[in-house]
1. Here is a check on your reading of the model: is Val8 over 29 Å from Asp69 (Cβ atoms), assigned to a strand (DSSP E or B) and either at pLDDT 90 or above or touching a strand residue (DSSP E or B) at 6+ places or on another chain (Cβ under 9 Å) (or both)?
2. Across region 36-53, what is the total count of residues that are closer than 21 Å to Tyr21 by Cα and part of a loop (DSSP other than H, G, I, E, B)?
3. Please enumerate the residues belonging to region 29-50 that are charged (D, E, K, R) and modelled with pLDDT of 90 or more.
4. Give me the pairs: first residue in region 19-33 and over 16 Å from Arg57 (Cα atoms) and free of Cβ contacts under 8 Å to residues at least 24 places away in the same chain, second residue β-branched (Val, Ile, Thr) and part of a strand (DSSP E or B), beta-carbon distance under 7 Å, and six or more apart or on different chains, which are they?
5. Out of the residues in region 56-76 meeting the condition of being assigned to a loop (DSSP other than H, G, I, E, B) and among the polar types (S, T, N, Q), tell me which one is modelled with the highest pLDDT.
Amino acid sequence: MWAKLQRVRQPWRISPAIVPYSANATLDEYFNSFSYGRNTWLFVTTAVTDRQYLMERYITHSHFKKLPDNSRWDPTQCKTDEPR
């Protein structure tokens, strides 16, 4: 699966460092999943293209392992006044 984001507005950041980007910057994300043994993995590749501020595409990779049960899944409503 592939997603494309164009005309990104502030306060989106390219990286943890302060990196400017233009109004013509595009962000492409590629999603791939595969199984290895008993594990299922999701890989997300993110590529930022900006001809004004970047000399080449800025590419990052993230990977996520699917847990066999929902033991670590604890969705809660966002509240800043309540400790978890």
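1. Working: over 29 Å from Asp69 (Cβ atoms): yes; assigned to a strand (DSSP E or B): no; either at pLDDT 90 or above or touching a strand residue (DSSP E or B) at 6+ places or on another chain (Cβ under 9 Å) (or both): yes.
Taking the combined requirement at face value, the residue does not satisfy it.
2. Going residue by residue through region 36-53, those that are closer than 21 Å to Tyr21 by Cα are 45-53.
Going one step further and asking which of them are part of a loop (DSSP other than H, G, I, E, B), we end up with 50-53.
Total satisfying the criteria: 4.
3. Filtering region 29-50 for residues charged (D, E, K, R) gives 29, 38, 50.
Glu29, the sole residue that qualifies.
4. As it stands, the answer is Ser33/Thr40, since those pairs meet every condition given.
5. Taking region 56-76 first, the residues assigned to a loop (DSSP other than H, G, I, E, B) are 56-57, 66-76.
So of that shortlist, the ones also among the polar types (S, T, N, Q) come out as 70-71, 76.
Numbers: Asn70: 69, Ser71: 71, Thr76: 74.
The residue in question is Thr76.
The values are calculated or read from the model by the stated rules, or taken from the named source; none is laboratory data. Being a predicted model, the structure only gives us computed values, none of them experimental. Neighbour counts run over all protein chains shown; Cβ positions are idealised from the backbone, glycine included.
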